[in-house]
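Engineer: Shown below is the structure under consideration.
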Amino acid sequence: MLKKGDLLNIGYYDYGQYFTGSLEGVRFRLGRDPLEKVNFTPKDKRGEAKLKLTVWPEPFNFDHTEDDKKKDRYFDYTSVGLDEAVEFLNNMAQTLKSDKEKAWEI
């Protein structure tokens with residue numbers, strides 16, 4: 001089970017990097033969308049962004065998984081959106097334990 005803070009703070013994603021991990025059968029990748037390095041750009045010039053969470057079933061990494069098996073979810077680009085992503089991943093892992101087919105119907 002993921003906790004708040006496990007996905008790093010929102011400022012990490014300003015550097016144009018993805019955070020990847022896995023949780024009980026779910027692989028995931030989280031990043032800023034659009035993915036660009038904005039840490040030196042003034043906040044009023046950055047444009048609108050979302051947090052993009054991509055999930056897919058184990059065992060392969062992102063590049064070796066077929067695109068049709070990957071599912072995207074978007075969250076607000078805020079610490080609250082980050083908390084919602086943690087909650088979503090935890091719920092998905094719980095669902096996967098009881099019903100593998102239902103977990104991927106996002």
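Each reported figure results from applying straightforward, stated rules to the coordinates on display, with no laboratory input. These numbers come from a predicted model, not from an experiment. Cβ atoms come from the backbone with ideal geometry, glycine included; neighbour counts cover every protein chain shown.
Engineer: TYR77's amide H: which non-local residues (gap 5+, or another chain) put their own amide H closer than 5 Å, with H modeled 1.01 Å from N in plane and none for Pro or chain starts?
Structural biologist: Those lying under 5 Å, H to H, from TYR77 are LEU51.
Engineer: Roughly what percent of Cα-Cα pairs across region 10-103 reach past 20 Å?
Structural biologist: The calculated P(r) of region 10-103 puts 38 percent of pairs beyond 20 Å.
Engineer: By per-residue mean of other Cβ atoms within 10 Å, what is the highest-first order of 28-34, 56-62, 81-87? Could you put the intermediate results ahead of the total?
Structural biologist: Numbers: 28-34: 20.0, 56-62: 13.6, 81-87: 18.1.
Highest-to-lowest ranking by the protection proxy: 28-34, 81-87, 56-62.
Engineer: Among ASP44, ASP14, ASP67, which one moves the most in a GNM of the chain with springs linking Cα atoms closer than 10 Å?
Structural biologist: Result for the chain, Cα springs under 10 Å: ASP44 fluctuates most.
Engineer: Let me ask something else about it. Residue-wise, which Karplus ³J(HN,Hα) couplings in Hz belong to region 78-94, taking 6.51 cos²θ - 1.76 cosθ + 1.60, θ = phi - 60°, and x for glycine or proline?
Structural biologist: Couplings: 9, 5, 5, x, 5, 5, 5, 5, 4, 4, 4, 5, 5, 5, 5, 5, 5 Hz.
Engineer: Still on this model: Local charge sum around ASP67 (other residues, Cβ-Cβ under 15 Å, Lys/Arg +1, Asp/Glu -1)?
Structural biologist: In short, +2.
Engineer: Run the numbers on the chain and let me know its relative contact order in percent, using alpha-carbon pairs under 8 Å that are six or more apart. Intermediate results must be reported in sequence, preceding the final value.
Structural biologist: Values: 150 pairs, mean separation 27.4, N = 106.
Reported as a whole number, the value is 26 percent.
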